[in-house]
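See structure below.
Readers should treat all values here as calculations from the given coordinates under stated rules, not as data from a laboratory. Since the model is a prediction, treat every value here as computed from it, not as a measurement. Cβ: placed from backbone, ideal geometry, glycine included. Neighbour counts: every protein chain shown.
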Amino acid sequence: MDFTIAPEIHAFRGEVRGFIEAELPADIARRGRHDYHSRRDDVARWMKILNKHGWSAPHWPAHLGGTDWSPLQRYIFQDELRRARAPVLDRCGLDLLGPVLCAFGTPDQQARHLPPILNGDVWWAQGFSEPNAGSDLASLKTRADLDGDHFIVNGQKTWTTEAHFADWIFALVRTDQVVKPQAGISFLLIDMTTPGVTRRPIWSIDGAHTLNEVFFEDVRVPVSNLVGQAGHGWSYAKFLLTHERTTSSVVSHTKRDVEQIRYLATLAKTPSGPLIETPAFAAKLARLEAEVIALEWSVLRVLHAGEGDPAGNSVASLLKLRGSELSERAALLAAEALGDYGVAAMPSSETDGVAPPDLPPIDDDEAVGVSAKAMFRRAATIYGGASEVQRTIIAKSVLGL
Amino acid sequence: MDFTLSAEQQSLADSVSRFCEREYSFGSRKSRLGSTEGFSHDLWRVIADLGWIGAALSEEDGGFGGGPVDTAILMEGFGRALVLEPFLSAGILSLQTLARAPRSAVRDRLLEDIVAGKVLVALAHGEVAANGDAEHVEAVAAHQGAGWTLKGHKSLVLNAPSADLLLVTARAEAGIGLFLVAPNANNVRMQAYKTLDGGRVGDIWLDGVIVEDTIAAPGTGLEPVLRGLDYSLIGICAEAVGAMSAALTITRDYVKLRRQFGATLSDFQAVQHRMSDMLVELELSRSVLYQGMAGLESLPAQRSYSRILVTR
């Protein structure tokens with residue numbers, strides 16, 4: 001055992017922090033403090049800055065535009081981005097599709113699709129969930145039938161994040177109706193401008209539009225847009241979902257939430273002084289902090305474990321489950337720190353600095369998006385594998401029950 | 001003890017549920033919520049005509065002589081349907097505060113008009129620094145001739161944007177007083193906003209506004225307000241019990257329909273256990289609500305148990 005952090009890791013964190021402080025545009029950083037969902041133009045602008053430095057996708061192989069950083073360095077990089085309130089990047093392209101294309105895409109697919117992702121020029125959506133295929137993803141029904149050198153796609157995807165921004169969507173589709181469910185699924189890249197693709201917004205509880213339904217009606221997709229082999233889509237999807245196994249802990253987001261709570265609770269007044277000094281609130285914050293530290297040290301244990309290390313797998317299995325719970329709790333405590341204004345509705349977007357009407361009288365950049373965030377985070381224990389499913393996985397795969 | 005509803009109380013509960021069934025389809029609620037005021041004045045008059053606003057007011061004060069049980073029955077029914085009309089604000093908080101204020105011609109007329117659904121009154125009491133402490137009032141009342149002028153900032157005033165009159169607390173040397181102010185008077189500013197559930201609220205700044213009428217002189221205003229808050233806590237908890245109860249039923253029905261992994265969600269023990277836990281929470285909430293109602297007249301401190309358990 002050795003708990004010291006190597007000097008070169010300290011130096012690396014300093015280098016990343018210095019870069020972000022120098023390069024993150026002030027207006028984007030301010031909107032980041034608002035906790036709004038990131039705007040596409042902000043993300044694109046920031047991606048170009050990162051890309052110029054070669055830092056768009058550190059987790060990709062170096063020869064395809066990534067870096068040769070260690071898992072710990074990649075974690076520190078993400079941690080610093082969150083600490084600085086940088087825009088949340090296009091996760092679908094960078095974190096989900098990118099690694100799949102790097103591993104299983106043809107050279108043509110890599111050359112065509114990877115550079116625009118790195119530069120923030122092309123936005124991707126993930127077409128996985130369907131109305132009757134949520135936790136049970138393998139029961140998906142969207143079908144792709146071969147017709148010469150095209151697939152004809154018909155079906156519906158739902159809860160599709162940022163599909164209204166997306167230029168392309170990577171979708172799981174059923175290409176074989178006969179074999180067992182997992183074996184009939186293929187991984188297809190679909191241009192969102194193809195005739196027959198329509199999208200409909202889903203307005204979420206925070207009053208924002210980030211989610212969508214996507215419909216496919218006789219959509220013609222060239223066979224060359226198939227990733228890997230037909231019928232292997234399920235294994236690519238599993239690869240994608242486990243690629244960065246510490247990301248789902250969202251621990252860097254929650255660490256930043258703790259700082260925000262401390263800031264807001266220091267400003268908040270009560271009859272007996274600042275809220276942060278009242279014993280009941282201080283105890284809640286201390287409890288949250290302790291749990292976030294335990295989560296972060298769990299992340300560090302996973303980052304230092306080999307891929308096949310059973311101890312690492314045991315810790316990794318809790319990251320999404322506990323990470324999503326803490327994420328919800330942190331956002332609720334931030335809303336609580338706002339006192340009366342914690343129940344006020346705030347818009348979850350901003351149009352060029354023009355504040356919409358009917359806002360509560362809070363103008364601190366740290367405060368304005370808090371209540372919307374607290375509402376949206378309620379979904380964290382449902383999406384990406386509901387907590388019930390996570391617990392079943394732990395029982396089966398770790399405890400062997 | 002008897003925890004069953006009397007025939008009269010049962011008929012009130014049935015009547016509320018018929019009202020909600022008739023008026024509160026998903027679509028009509030949604031369009032009402034999206035309207036300028038966020039509720040329907042027509043429905044507010046219906047609620048008044050049904051005698052519900054005055055249900056928990058003594059006959060002496062122009063009501064129908066009921067009590068907290070009637071308030072809870074109404075609010076539980078409203079909670080099931082997420083009713084938007086300002087019953088909590090105008091029909092409980094302002095009404096019960098006024099009911100405990102000293103009798104005067106102004107007070108009596110106001111009560112009569114509220115019960116008739118003619119006037120909406122909003123209680124402007126809470127302040128940013130109070131953090132839930134009902135006795136913390138920084139707004140000040142200063143003598144101006146025979147009357148008073150007020151200065152201060154009131155936060156999260158329920159239904160302030162649609163209020164015809166504001167019932168404002170402010171502190172003078174003798175203690176907290178209760179004053180009537182018109183929202184459009186000189187030196188009153190309001191910032192209207194919405195709550196997370198779409199409710200309409202406002203912050204109010206009083207900058208030397210001249211009081212129209214004194215409802216309770218300084219030193220006598222706190223007790224009526226505490227009374228109004230106690231009563232509205234019963235209302236909020238009953239509303240939450242209604243909403244929880246409806247949510248539990250909706251979820252129970254849905255998990256029996258939705259299929260994943262070749263079974264209905266209701267077949268999974270993990271889901272069954274969560275549903276059972278929710279039933280336990282609901283029943284305990286109802287129990288502590290009843291305890292709160294029992295202590296409303298005698299032991300105001302008991303109100304906090306309901307708040308701690310039901311609205312957490």
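For the protein assembly as shown, what D do you get in µm² per second when you plug the Kirkwood radius from alpha-carbon pairs into Stokes-Einstein at 20 °C and 1.002 mPa s?
It comes out at roughly 75 µm²/s.
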**Request:** Taking the dipole about the Cα centre of region A:245-398, with the C-beta of Lys and Arg at +1 and of Asp and Glu at -1, give me whichever of A:Tyr341, A:Ile394, A:Trp297 is farthest to the positive side.
**Result:** A:Ile394
**Fill in**
For region B:90-173, whose charge dipole is built from +1 on Lys and Arg Cβ atoms and -1 on Asp and Glu Cβ atoms, the candidate among B:Val106, B:Ala139, B:Gly152 with its Cα farthest towards the positive end is B:Val106
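Please state the charge dipole magnitude for the protein assembly as shown, taken about the Cα centre, from unit charges on C-beta atoms (+1 on K and R, -1 on D and E), reported in debye and rounded to the nearest 20.
On the way: 69 positive and 87 negative charges, 271 e Å.
With only Lys, Arg, Asp and Glu charged at Cβ, the dipole is about 1300 debye.
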**Positive-pole candidate from A:Gly306, B:Leu196, A:Ser324, dipole of the protein assembly as shown, charges at beta carbon** = A:Gly306
**Fill in**
Taking a ≥ b ≥ c as the square roots of the eigenvalues of the Cα gyration tensor, with a/c under 1.5 meaning rounded and otherwise prolate when a/b exceeds b/c and oblate if not, region B:7-115 is oblate
**Asked** If one takes the longest principal axis of the Cα atoms in chain A, at what angle in degrees, from 0 to 90 and to the nearest 10, does the Cα axis of helix A:107-118 lie?
**Response** 20
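Which of the trypsin sites (Lys or Arg not before Pro) across region B:71-105 are loop residues per DSSP, with 11 or fewer other Cβ within 10 Å?
B:Arg103
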**Asked** Straight-line reach from A:Lys255: which aspartates and glutamates have a Cα under 13 Å away, not including same-chain ones fewer than 8 places off?
**Response** A:Asp79, A:Glu80, A:Glu289, A:Glu291, A:Glu296, A:Glu328
**Asked** Among B:Leu150, B:Leu248, B:Leu98, which one shows the biggest mean-square fluctuation in a GNM of chain B, springs joining Cα atoms closer than 10 Å?
**Response** B:Leu248
**Request:** Treating the angle as unsigned and between 0 and 90°, give the value, to the nearest 10°, between the Cα long axis of helix B:7-23 and the longest Cα principal axis of chain B.
**Result:** 80
**Between region A:264-279 and region A:193-235, the Cα center-to-center distance that results, in Å** = 48
**Message:** Under 14 Å between alpha carbons, and skipping anything fewer than 8 positions from B:Lys154 in its own chain: which aspartates and glutamates qualify?
**Reply:** A:Asp340, B:Glu127, B:Asp133, B:Glu135, B:Glu138, B:Asp203, B:Asp207
**Over chain B - Rg/Rh using Cα atoms and the Kirkwood inverse-distance radius** = 1.01
**Item:** Estimated vicinal HN-Hα couplings, Hz - region A:74-83 in sequence order (Karplus 6.51, -1.76, 1.60; Gly, Pro = x)
**Value:** 5, 5, 4, 4, 4, 4, 5, 4, 5, 4
**Prompt:** How many angstrom lie between the C-alpha centres of region A:372-387 and region A:6-33?
**Reply:** 28
**Request:** Sort chain A into rounded, prolate or oblate with this rule: let a ≥ b ≥ c be the square roots of the eigenvalues of the Cα gyration tensor; rounded if a/c is under 1.5, and if a/c is not under 1.5, prolate when a/b is larger than b/c, oblate otherwise.
**Result:** prolate
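What average count of beta carbons from other chains do you get within 10 Å of the Cβ of residues in B:198-206? If you can, show how the numbers build up before the last one.
Working: counts 2, 3, 1, 5, 3, 6, 0, 1, 0.
Across B:198-206, the average partner-chain Cβ count within 10 Å equals 2.
Which pairs in the list A:Lys141/A:Lys238; B:Lys30/B:Lys151; A:Lys141/A:Lys373; A:Lys48/B:Lys194; A:Lys269/A:Lys373; A:Lys180/A:Lys238 are over 28 Å apart, alpha-carbon to alpha-carbon? Don't skip to the answer; put the middle values down first.
On the way: A:Lys141/A:Lys238 18 Å; B:Lys30/B:Lys151 38 Å; A:Lys141/A:Lys373 32 Å; A:Lys48/B:Lys194 38 Å; A:Lys269/A:Lys373 22 Å; A:Lys180/A:Lys238 17 Å.
Beyond 28 Å between Cα atoms: B:Lys30/B:Lys151; A:Lys141/A:Lys373; A:Lys48/B:Lys194.
Determine how many Å³ per residue the convex hull of the Cα atoms of region A:144-289 encloses.
Details: hull volume 22.7 nm³, N = 146.
About 156 Å³ per residue, rounded to a whole number.
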**Item:** Computed label-point distance, nm, for sites B:Asp133 and A:Asp147 using a 7 Å Cα→Cβ extension
**Value:** 7.3
**Asked** Counting each DSSP H run of 4 or more residues in chain B as -39500 (n - 2.57), what helix-only mean residue ellipticity at 222 nm follows after dividing by all residues, to the nearest 500 deg cm²/dmol?
**Response** -14000 deg cm²/dmol
**Net dipole in debye of region A:258-401 [+1 Lys, Arg Cβ; -1 Asp, Glu Cβ; about Cα centre; nearest 20]** = 740
**Message:** Largest first, please: the extent of the C-alpha atoms of region A:1-123 along each principal axis, to the nearest Å.
**Reply:** 43, 40, 22
**Item:** GNM result for chain A, Cα springs below 10 Å: residue of A:Ser272, A:Ser252, A:Ser186 fluctuating most strongly
**Value:** A:Ser272
**Message:** Compute the helix-to-body angle for A:310-337: its Cα long axis versus the longest principal axis of chain A, expressed 0 to 90° and rounded to tens.
**Reply:** 50
**Item:** Rounded FRET efficiency, nearest 0.05, which uses the C-beta distance separating A:Ile5 from A:Glu289 and R0 of 25 Å
**Value:** 0.80
**Prompt:** In nm, to one decimal, how far is the modelled label at B:Ile250 from the one at B:Trp205, with both set 7 Å along Cα→Cβ?
**Reply:** 3.9
**Item:** Label-point separation, B:Asn186 to B:Ser287 (7 Å along Cα→Cβ), nm
**Value:** 5.9
**Asked** Anyone know which of B:Leu229, B:Leu284, B:Leu180 comes out most mobile in the 10 Å Cα GNM of chain B?
**Response** B:Leu284
**Fill in**
Under the rule rounded for a/c under 1.5, else prolate if a/b exceeds b/c, else oblate, using alpha carbon gyration tensor axes a ≥ b ≥ c, region A:138-221 is classed as oblate
**Item:** Between region A:158-182 and region B:141-186, the Cα center-to-center distance that results, in Å
**Value:** 59
**Message:** What's the whole-number percent of alpha carbon pairs in region B:121-220 lying beyond 18 angstrom?
**Reply:** 40
**Asked** In the calculated pair distance distribution of region B:224-310, what percentage of Cα-Cα distances lie above 21 Å?
**Response** 43
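Under a Cβ-only charge scheme (Lys and Arg +1, Asp and Glu -1), can you give me the dipole magnitude of region A:72-125 about the Cα centre, in debye to the nearest 20? The partial results should precede the final answer.
On the way: 6 positive and 6 negative charges, 39 e Å.
With Lys and Arg at +1 and Asp and Glu at -1, about 180 debye.
List the equivalent ellipsoid semi-axes of region A:245-398 in whole Å, largest first, each obtained as the square root of 5λ for an eigenvalue λ of the Cα gyration tensor.
Details: eigenvalues 215, 67, 32 Å².
Values for region A:245-398, descending: 33, 18, 13 Å.
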